[in-house]
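Undergrad: To start, I am sharing the structure in question, which I have written as structure tokens.
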Amino acid sequence: MQLDAESLTESESSLSIAVLVSVGRHPLTGRPRRADQDARALEMAFSVAGAAPALLHAGPCDDPSEDALRCYLGMGGGTDLDSLIVLEQTADADIIPALADELTALGPQLVLCGTRAETGESSGMLPYLLAERLGWPIITGVAEIESIHEGVVVALQALPRGQRRRLSVRLPAIATADSAAPAPRASAYGPAMRGALTFSNTGSADDEARQDWLVSPARKRPKRLKIITATSARERFKAAAAKSQGGGGKVLKDLSPEAAAEAIQALLKEEGVLR
Amino acid sequence: MHNDNDSLPRRDPRWEWIARNRLHPLHEEALAGPATVRLNAHVWQGPNGLTRRDPHQVGFIAASGLKRIDRTGAQGATELNPPGGRKAATADARQFVTIDDPAFIVAVVPDLPGGRLSSHDRDLFGLARQLADADPDRPGAVLAVVFDELREDGFADAGADRLLHHVERASASRPATAYAAETRLGVLADVERELSPRHWLLPDSATGGAELGRRLAARLGERPAIQVWQIENNDTGLRCTGRGAAGATDISRALPRLVLALPECAEPVARTRHEARPLSLSLSEGLAYMPGRIQNLGAVAVDPAQVALSEAEFILSAGRGVRDWEGFHKAAAALGATEGASRVAVDDGFMERDRQVGASGTWVSARVYIAVGISGAIQHLQGIQSCDKVVSINLDPDCDIIKRADLAVIGDAAEILTALVALQQRESKSHAA
């Protein structure tokens, strides 16, 4: 399965990318829509020069979800993207085997998908399980693909606090798109209707572990209480009357500006925020 | 009479009665009397064993001319408000727990952002203790697996019985550019093979736990419970509840081996201390390590001005006290800090509206927040509630932000910022040289 570097260099002019897409759920209305991160993954695939993205969906496909899936096709106006492969599965099927088989048959060099689904378990495990099954490396939370050259992808990984980390990985690989990736383009109606859904009938394996789960609408989480372990009335009174986070700080008075600056710099260095 | 060798405190009821009776001719003598009568003149043990205080002997004369007794302890010790009665109990009341022969192991892999335990990590240790101490006859041990350099020594307080500290060394087979999640995964797989913990707990956080936990789940072939916020022990065994469908549903299921938990999944450990005994794996070079196919090419310089205020790690914030705005912007650029502002600075037109920190602006969560010329209105203090370290540069030593600040410098903001910039430039020059 591992493609050697030479064959990749030859086929670099048409890098094959598979984008795994799912049916999302609008957070307010609850209606089916294109999943946000999956759409960002497709947008990322468009951003790679000379790439030919193929769309792949595994799961049940009824009318509302078909409309949602066509939204991805609607993003392909002006590109070669005109079809979406649907691996039809039952609603509670384990889609990993079907997806892995299809990807093996398709043989893409790069697989892109969102970080987590918006429906179902939404565990975010799918890309990892696929990577483990195919034996490919996986990079997660990608904000931008900088370059693909001689079979090596250089990408920026989104970290918390707006930070970025540059990673390089050898193809074939799986990459997941972060919510910090560039916003997806709008979906146009014409290409969405013209595009073809190619149904591929594969057997679906039941996900047995899920049978015993109880799924309910999300409850509001209890607010954490401030636990006061006071032994005397005075301590309890103090805890109840205390202003939050009072005192404890160091106050420096009558310092020269240089000494004050040094004290501040020492703290900044200790915290490691200075670069 | 009282015998010095006698350990029992002896009381003399007659002298106690005289000491309480201000009209008694021997009253003064009794107050100044021997230690057997009273520990202090104003505190003594009453007949029922309660501590009694003489209100005439304590307190101070307030500015209003009235006598006041301060029970909060906020007032410093004065002649009339002696410190005797209000010593805080400093003795550590926590129980020290050692588990020598654990029945099983609960492994916790904390995130340690910046080398320190986050509150999420502490909650996770609390959860691990719940699982380890579920059966008091057969207690388990909580193992903390930590990597790289540490700036934290509070694992014993956090609730770890064992501590496995793995330091990554660059070598021929492990280049320095190895991707941390992959090398750590190799270590965790070694831990799994050698100690086979009953449960693995990781934080479901963007700082690394979410990725590492899912990689571990795929490697071990375990189906993890993700976004767990509650674990209950009922008659059907341990069950956990986690969020599904991107937070829209709750999924309740039997507790699996691998759990990725949300913040506030349990109370942090407060009543016990643990030993955090260092532990090492017998395999020095992990077998599970695969030569990394992912190269970490390092952090990318991000323009701090482009970072959203709510996400920024290091904020330099300006208020009414700033006069030299050019110097302020220069300082922010030199320190690499994101700029923030108080409401006054925004209203006066010195800063953009999207830079406002506080109740009507952005609630920030910076690790270091420097407030320059900000007095600390309550709305502003609300906005910086979740900041770790607050530094204030201010002229007024009595304003509210001084009480919140971890380091408060009283002085002229412009001069101090100029000195800070000069210091920083000197340092970067010596680095470059």
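Undergrad: Which residue out of A:202, A:198 is surrounded by 15 or more Cβ atoms within 10 Å (Cβ to Cβ) and in contact (Cβ under 8 Å) with a residue 60 or more places away in the chain?
TA: Selected residue: A:202, the only one of A:202, A:198 that is surrounded by 15 or more Cβ atoms within 10 Å (Cβ to Cβ) and in contact (Cβ under 8 Å) with a residue 60 or more places away in the chain.
Undergrad: Do you know which residues across segment A:54-87 are at positive phi and surrounded by fewer than 22 Cβ atoms within 10 Å (Cβ to Cβ)?
TA: Across segment A:54-87, the qualifying residue is only A:78.
Undergrad: A further question follows. Pick out, from segment B:92-207, the strands (runs of 3 or more DSSP E) lying fully within it that include 3 or more residues that are touching a Leu at 6+ places or on another chain (Cβ under 7 Å).
TA: Hits in segment B:92-207: B:105-108, B:141-147, B:162-166, B:199-203.
Undergrad: Do you know which residues across segment A:246-271 are at pLDDT below 80 and surrounded by 15 or more Cβ atoms within 10 Å (Cβ to Cβ)?
TA: A:249
Undergrad: Quick one: how many residues across segment B:225-250 are more than 28 Å from the chain's Cα centre (by Cα) and touching a residue at least 24 places away in the same chain (Cβ under 8 Å)?
TA: 2
Undergrad: Can you pull out the residues in segment B:105-129 that are at pLDDT below 90 and over 22 Å from residue B:181 (Cβ atoms)?
TA: Within segment B:105-129, just B:119 meets the criteria.
Undergrad: With respect to the numbered conditions (1) within 14 Å of chain A (Cβ to nearest Cβ); (2) among the small types (Gly, Ala, Ser); (3) assigned to a loop (DSSP other than H, G, I, E, B); (4) over 18 Å from residue A:274 (Cβ atoms), which one is the sole condition not fulfilled by residue B:366?
TA: (4)
Undergrad: If you don't mind, another one. Just one of the numbered conditions (1) surrounded by 22 or more Cβ atoms within 10 Å (Cβ to Cβ); (2) modelled with pLDDT under 90 is not true of residue B:389; which one?
TA: All conditions are met except number (1).
Undergrad: Answer yes if at least one residue in segment B:393-412 is buried (at least 21 other Cβ atoms within 10 Å of the Cβ), more than 19 Å from residue A:260 (Cα to Cα) and not aliphatic (A, V, I, L, M), and no otherwise.
TA: no
Undergrad: Which count do you get for residues in segment A:144-158 that are out of contact with any Pro (no Cβ under 8 Å at 6 or more places or on another chain) and either touching a residue at least 24 places away in the same chain (Cβ under 8 Å) or not hydrophobic (A, V, I, L, M, F, W, C) (or both)?
TA: Residues in segment A:144-158 being out of contact with any Pro (no Cβ under 8 Å at 6 or more places or on another chain) and either touching a residue at least 24 places away in the same chain (Cβ under 8 Å) or not hydrophobic (A, V, I, L, M, F, W, C) (or both): 9 in total.
Undergrad: Select, from A:107, A:120, A:151, A:190, the only residue that is over 11 Å from the mean Cα position of the chain (by Cα), over 20 Å from residue B:185 (Cβ atoms) and either of a type in the set (Lys, Arg) or facing chain B (nearest Cβ under 10 Å) (or both).
TA: Within the list A:107, A:120, A:151, A:190, the selection yields A:120.
Undergrad: Return the residues of segment A:119-173 that are among the basic types (Lys, Arg) and not in a strand (DSSP E or B); say none if nothing qualifies.
TA: A:133, A:161
Undergrad: For the list (1) under 25 Å from residue B:405 (Cβ atoms); (2) within 13 Å of another protein chain (Cβ to nearest Cβ), I need the number of the one condition that residue B:292 fails.
TA: (1)
Undergrad: Still on this structure, please answer the following. Take the residues in segment B:224-238 that are within 9 Å of chain A (Cβ to nearest Cβ) and more than 19 Å from residue A:22 (Cβ to Cβ); name whichever of them is surrounded by the most Cβ atoms within 10 Å (Cβ to Cβ).
TA: Top of the filtered list is B:225.
Undergrad: Step by step: first the residues of segment B:386-411, then only those that are in a loop (DSSP other than H, G, I, E, B) and more than 7 Å from every other protein chain (Cβ to nearest Cβ), then the one that is nearest to residue B:328 (Cα to Cα). Which residue is that?
TA: B:395
Undergrad: Residues to consider are A:162, A:114; find the one that is surrounded by fewer than 22 Cβ atoms within 10 Å (Cβ to Cβ) and within 14 Å of chain B (Cβ to nearest Cβ).
TA: A:162
The values are calculated or read from the model by the stated rules, or taken from the named source; none is laboratory data. Small disclaimer: the values here were computed from a predicted structure and weren't measured. We place every Cβ from the backbone using ideal geometry, glycine too, and count neighbours over all the protein chains shown.
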